[in-house]
Amino acid sequence: YLETSILTGSDSFQDVVVKIERPTYHKPFLGGYKNRITGVEFHNAGSQTIPKNRPDKGIKLFCRETQTVFEKNKPQQTKNTTSTQMTKIGLYVSNMTDKLVSPGKYLTAEEYHKRRLEAVIVLQTYFRRWHAINAVQNLREEKRLRLAWEAQEELRRKKEKEEKLRREHERRLNPKTKEDFELLYHALELWRQEETERINRTLTGAERKAAFCGLLEQEAQLISSIGRHKLNADEGNQQKAILHFLDKCAQPKRWKAYDGKITEMDTQDTLRARELFEIYRSISMNDIPKDERIDVLLTLRRTVKEHGCNLTWEIVELIDREVDLMSREVKECNLEGLRKRICTLFLQYIKTPKFNPEVARILKVPPDPLKLYKNVNFCHSCENYLPSTEFPVPANSRTTGRCRLCCKLDNEASRREAFLKYKLILENLRKSEADYQDDAKIVFLVQHEDLQYMIENIWGCQSALSACSDLYDLFMVRWDKQCEWSPWNTILLTREEADAHLRLCNLQEAYEAAFIHRIKHKHIRAKNYFAQIPAMASFLHKSDNQANAN
C-alpha cells in the first residue's frame with residue numbers, strides 16, 4: 001500500500017491510501033520513444049486489465065496469420081544505343097562477312113493460311129494413319145485373345161464332357177450311392193425298351209415269343225447282378241454312415257458371434273462321445289499289430305466296465321475270449337466273426353443315451369416314446385409308422401402318401417427313372433438363391449418332382465436361348481434378378497448363358513419382344529399349375545400385388 005496526499009482545495013490536502021497490485025504477467029512492449037538529451041525512455045501505455053482466460057476445449061489450437069503479397073508484372077523496353085561504321089576516306093572496313101539481303105516474294109494472308117491448312121492436313125493424315133494402325137492392332141489382339149479364350153473354353157467343355165462320361169462309366173461299373181443305382185436301373189430300362197422295339201420290328205409269331213423269353217431272362221440276370229452290387233455297396237456305406245454318425249456326435253458346440261467369428265466349445269458329453277468314437281475307430285481297424293490290438297481291447301474293457309449291465313458284461317466276456325484266442329496264436333481269419341460281434345455290441349453301447357448322452361439329440365428314434373406321436377405318419381404301402389422326414393412331399397401333394405423306400409422300390413420295379421439331373425439342377429438353384437441373401441422361401445418348398453414337371457412340360461428339357469438339351473449343362477436362374485425366384489420368375493439356360501443373363505441390367509433392351517413374350521407365356525403356364533397348390537397360392541398373390549404396385 002502507498003499513502004499519498006491529494007490537493008482537494010486551494011489550501012487543503014487529503015491523505016489517500018493507494019493499493020498497488022503487482023502484475024502477474026510480463027507487460028508486452030508496445031513501442032515508445034527516448035529522449036536523446038536526458039536518455040529517458042517512454043513506453044506506450046498498455047492495458048492493466050488481466051486478460052480473460054479462454055475455456056479449455058480439450059483440443060490443442062494454433063493461431064496462424066497469413067499475409068498476402070500483391071504482385072504486379074509490367075514489361076518494359078530499355079533503350080539500347082548502337083552505331084554502324086562505314087568505309088570512308090582514311091578508313092577501310094572489310095565486307096568479307098557481309099550478307100546480301102534481297103526482298104523475297106510477298107506472302108498474302110490468304111496464301112499464308114492456305115499453307116498452314118495444307119500442313120495441318122498432312123499432320124492429320126499421319127496422325128490418323130498412326131491411330132488406324134493402333135486400332136487395327138488392338139482389334140487383332142482382341143481377336144487373338146477371343147479365339148484363344150474360345151479354344152480354351154472348348155477344350156474345357158470337352159474335358160468336362162469326357163470327365164462326366166468317365167464318371168458315369170465308373171459309377172455304372174462300381175455303383176456305391178443311390179444315384180448310381182438309379183442310373184443303372186435307368187440304363188437297364190433303356191436297353192429293355194430298345195430290345196423290345198427291335199424284337200417287335202423284326203420278329204413275329206413263335207420267334208417273337210422266344211425272343212421275349214430270352215429278353216426276360218437277361219433282364220432278370222442283370223437285376224440280380226445289380227442286387228449283388230447293391231449288397232456290397234451297402235456294407236461299405238453302412239460303415240461310412242456309422243463313422244459319420246459318431247463323428248457328428250463328437251463335434252463341439254458351435255455358434256456364430258456378432259462379428260462373424262465361429263466359436264467352438266467342448267462339453268463333457270462331446271468329450272465322452274469323442275473318446276468312444278476314437279475307441280470304436282480303433283477296434284474296427286484291420287491289419288494292426290497284435291500288441292496294439294490288445295491295448296485297444298484293454299482300453300475298451302476299462303471303458304465299458306464303468307457301467308454294469310448285461311450289455312457291458314457280454315462285451316467284457318467277448319474281449320476276454322479274443323485276448324485268450326490271440327494268446328493261443330489263432331489265425332486272424334478265424335477271429336473276424338468275434339471282432340464283428342464286439343464292434344456291433346460296442347456300437348449298441350455307444351447308441352445308448354445312458355452311456356453316451358450326446359447321442360440322444362441325433363438318434364432318429366428318441367428315448368422318450370411320447371415324442372414319437374408328434375411327428376409320425378403311416379405309410380399305406382409298407383404299412384409302417386415312420387417319421388415325417390421319410391416321406392417325400394411334393395409341392396402339389398395334399399397327403400403324405402408313400403415313404404421314400406416304397407417310392408424307390410416302385411421306381412426300380414416299373415418306371416426306372418433317374419432323378420439325378422433334376423436333383424443337381426435343384427441343388428445349384430438353391431445355392432445360387434442362398435447367395436442372394438434376400439430370404440428366399442419358394443425355392444426351398446419346391447421338390448425335384450416339381451422341378452421335373454417344369455423342365456419337361458413347360459421348358460421342353462432345353463435351353464430357352466440355344467435349345468441345348470443336355471440337362472447336366474442346364475441351370476435355372478431368375479428371370480428378373482431383382483425379384484425372388486419362383487416358377488413364374490425363372491428361365492432355363494446353360495452355364496454361360498446364365499452368367500451373361502444375370503449381368504444384364506435391362507431385359508427389354510437385351511431381348512427381342514417375341515422372345516420376352518414366349519418367356520412370359522411359360523411363366524403364365526407355371527402360374528396356372530402352381531396356383532392349385534395351397535402352399536404356393538399365398539406367394540402367387542403376393543407377387544401379383546407387387547407387380548400391380550410396380
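The values are calculated or read from the model by the stated rules, or taken from the named source; none is laboratory data. This is a predicted model, so every value here is computed, not measured. Note: ideal-geometry Cβ built from the backbone for every residue, glycine included; neighbour counts use all protein chains shown. These accessible areas exclude ligands, DNA and RNA; they are computed on the full protein's heavy atoms, side chains included. Shrake-Rupley method; radii C 1.70, N 1.55, O 1.52, S 1.80 Å.
Does I288 meet the test of being within 30 Å of P252 (Cβ to Cβ), surrounded by fewer than 17 Cβ atoms within 10 Å (Cβ to Cβ) and either in contact with a strand residue (DSSP E or B) (Cβ under 9 Å, 6 or more places away or on another chain) or in contact (Cβ under 8 Å) with a residue 40 or more places away in the chain (or both)? Let's see the steps before the verdict.
Numbers: within 30 Å of P252 (Cβ to Cβ): yes; surrounded by fewer than 17 Cβ atoms within 10 Å (Cβ to Cβ): yes; either in contact with a strand residue (DSSP E or B) (Cβ under 9 Å, 6 or more places away or on another chain) or in contact (Cβ under 8 Å) with a residue 40 or more places away in the chain (or both): no.
Taking the combined requirement at face value, the residue does not satisfy it.
Quick one: is E275 open to solvent by 80 Å² or more (accessible area, probe 1.4 Å) and closer than 22 Å to E358 by Cβ? So E275 fits the description; yes. Only one of the numbered conditions (1) in contact with a helix residue (DSSP H, G or I) (Cβ under 9 Å, 6 or more places away or on another chain); (2) surrounded by 15 or more Cβ atoms within 10 Å (Cβ to Cβ) is violated by Q508, and that is (2). Considering the conditions (1) exposed (fewer than 13 other Cβ atoms within 10 Å of the Cβ); (2) at pLDDT 90 or above; (3) in the same structural domain as A187 (by the TED database), L231 is excluded by exactly one of them, (2). Restricted to helices (runs of 4 or more DSSP H) entirely inside region 486-550, those with at least 2 residues that are modelled with pLDDT of 85 or more are 495-502, 507-510, 513-530. Being open to solvent by less than 60 Å² (accessible area, probe 1.4 Å), assigned to a helix (DSSP H, G or I) and not charged (D, E, K, R) is a condition met by at least one residue of region 248-258. Taking the criterion of being hydroxyl-bearing (S, T, Y) and in a helix (DSSP H, G or I), the residues of region 396-450 that qualify are S414, Y422, S432, Y436.
Scanning region 259-272 for residues that are among the β-branched types (V, I, T), open to solvent by less than 70 Å² (accessible area, probe 1.4 Å) and not in a helix (DSSP H, G or I) gives T263, T267. Candidates in region 448-488 are the residues that are more than 27 Å from the chain's Cα centre (by Cα) and among the aliphatic types (A, V, I, L, M); of these, the one that is surrounded by the fewest Cβ atoms within 10 Å (Cβ to Cβ) is A467.
The set of residues in region 298-339 being part of a helix (DSSP H, G or I) and touching a residue at least 40 places away in the same chain (Cβ under 8 Å) consists of L300, V304, L311, R339.
Residue by residue, here is whether (1) in contact (Cβ under 8 Å) with a residue 40 or more places away in the chain; (2) on the phi < 0 side of the Ramachandran plot; (3) surrounded by 14 or more Cβ atoms within 10 Å (Cβ to Cβ) holds:
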position: R156; (1), (2), (3): no, yes, no
position: E179; (1), (2), (3): yes, yes, yes
position: E194; (1), (2), (3): no, yes, no
position: L203; (1), (2), (3): no, yes, yes
position: A211; (1), (2), (3): no, yes, yes
position: Q238; (1), (2), (3): no, yes, no
position: F245; (1), (2), (3): yes, yes, yes
